[in-house]
Amino acid sequence: MVSCPECGSQQCIKDGKVNNKQTYLCKCCFRRFVLNPSKRHHTVEKRKQAISLYQQGNSIRAIATYLGIPFTTVAYWVKKYG
């Protein structure tokens with residue numbers, strides 16, 4: 001049985017496919033998810049480091065190059081957390 005990673009409910013149904021991976025929909029919290037996602041999220045430490053570097057006066061492009069992550073990701077973090 002499939003359980004929701006957000007709320008833990010087992011009331012999940014199949015909800016199509018994305019990139020040949022089965023997606024599920026939780027009937028309790030309405031979250032869509034896949035089992036064993038291949039997308040890797042950046043660590044909280046890396047986000048904090050990027051914000052800290054920005055506050056020290058470094059450019060977004062320089063931070064992205066230094067940390068080896070996309071420019072748009074750093075720009076999003078600065079807008080959201082900075």
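Read-outs: derived from the displayed coordinates by stated rules, not from any lab. Because the structure is predicted, anything quoted here is derived from the model rather than measured. Cβ sites come from the backbone with ideal geometry, for glycine too, and all protein chains shown count toward neighbours.
Structure notes:
- Charge tally around residue 8: other residues with Cβ under 14 Å, Lys/Arg +1 each, Asp/Glu -1 each, net +1.
- Taking a sphere under 14 Å around the Cβ of residue 29 and counting the other residues whose Cβ falls inside, with K and R at +1 and D and E at -1, yields a net charge of +1.
- Dimensionless Rg over Rh [the chain; C-alpha; Kirkwood]: 1.16
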